[in-house]
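Here the structure is laid out as structure tokens; the discussion comes afterwards.
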Amino acid sequence: MLDLTPNYVTEGDKLFQGAKAEDSEALSAFVTSNKVNNWIKVGEDDSAWAKHGNVQFLSQFGDHYDLNMRSPVAQNKLNDVLSTLVDYGVKGFRLNNAKHFLVDPDLQDEVSAGSEAQKDGKKYGLFMHTRTTHQEGLGDLIHIFTKNVHNMTGGEGFLTIRDDSAYRAEVYTVKNTTIFGFDLPRLAFLNSEFQSSAPKTLKSSFDDLGRATNLETLWMQIV
């Protein structure tokens, strides 16, 4: 199994270089604006926006630039990566940062939650993350890549998400179904629960996952 963090790229990425040159197709692959809102980098105090030319690019994670995962251009980029890795023999994928794959397309300000929401003393902990995490449609989005992995591997492969993104079960279901957009590895979830420093919280989360899906979507992963 290979971990991927596919929702952002570095400044040296070819697609980002095209976006900096204001190529319209490349630009469509990124979260951009002509002004900034109050979003702040994850774990930092700085603005989550980085200006290049006349365009503000969303940059929530260090020096990386967030892809607009609603964009067919961004989706094709990830599908190309998955296809290449399958050609190399990889059949299992786990997506990091899945809860951040979609952001509020209206770019509304985050809402302050006061001191109770602070995390590690970082300013971003003051916000509820309602605009930049667990957006509606995650299940349908991830299902696109899951189906492609299944097709690329003749049904032998799988695609799942890290358990630290799975606290909002309802946003990961495929629209109008109780089926998750990703493959659900039961044994890996149990292993995480046993190792967790807060097992009650994690167990509660995955109990919710179990109630939100049907057993036909479960598969056993050897870990």
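Need pairs with beta-carbon distance below 8 Å; first residue touching a residue at least 24 places away in the same chain (Cβ under 8 Å) and within the stretch 77-89, second β-branched (Val, Ile, Thr) and not in a helix (DSSP H, G or I); sequence gap 6+ or separate chains.
What qualifies is Val86/Thr153.
Being within 15 Å of the chain's Cα centre (by Cα) and among the charged types (D, E, K, R) is the filter here; which residues of the stretch 66-85 pass it?
Residues satisfying the conditions are Asp66, Arg70, Lys77.
Does Ile179 fit the bill of being in contact with a helix residue (DSSP H, G or I) (Cβ under 7 Å, 6 or more places away or on another chain) and in contact (Cβ under 8 Å) with a residue 60 or more places away in the chain? Working first, answer last.
Values: in contact with a helix residue (DSSP H, G or I) (Cβ under 7 Å, 6 or more places away or on another chain): yes; in contact (Cβ under 8 Å) with a residue 60 or more places away in the chain: no.
Taking the combined requirement at face value, the residue does not satisfy it.
Give me a count of the residues in the stretch 20-29 that are surrounded by 14 or more Cβ atoms within 10 Å (Cβ to Cβ) and either in a strand (DSSP E or B) or touching a residue at least 40 places away in the same chain (Cβ under 8 Å) (or both).
3
Can Gly139 be described as free of Cβ contacts under 8 Å to residues at least 40 places away in the same chain and either assigned to a helix (DSSP H, G or I) or on the phi > 0 side of the Ramachandran plot (or both)?
For Gly139, the condition - free of Cβ contacts under 8 Å to residues at least 40 places away in the same chain and either assigned to a helix (DSSP H, G or I) or on the phi > 0 side of the Ramachandran plot (or both) - is not met.
Every residue in the stretch 6-19 that is small (Gly, Ala, Ser) and surrounded by fewer than 20 Cβ atoms within 10 Å (Cβ to Cβ), please.
Gly12, Gly18
Looking at the stretch 30-114, what strands (runs of 3 or more DSSP E) fall wholly within it and have at least 3 residues that are surrounded by fewer than 20 Cβ atoms within 10 Å (Cβ to Cβ)? Steps first, please.
Working: elements: 49-52, 55-58, 92-95.
The qualifying strands (runs of 3 or more DSSP E) are 49-52.
Could you run through the stretch 1-19 and say how many residues are touching a Lys or Arg at 6+ places or on another chain (Cβ under 9 Å) and outside any loop (DSSP other than H, G, I, E, B)?
5
Restricting attention to the stretch 145-162, which residues are surrounded by fewer than 20 Cβ atoms within 10 Å (Cβ to Cβ) and within 14 Å of the chain's Cα centre (by Cα)?
Once the filter is applied, which keeps residues that are surrounded by fewer than 20 Cβ atoms within 10 Å (Cβ to Cβ) and within 14 Å of the chain's Cα centre (by Cα), the stretch 145-162 yields only Arg162.
Quick note: the coordinates plus some simple rules give every number you see, no bench work behind them. Just so you know, these numbers come straight off a predicted model, no measurement behind them. With ideal geometry, Cβ positions are generated from the backbone for all residues, glycine too; neighbour counts draw on all protein chains shown.
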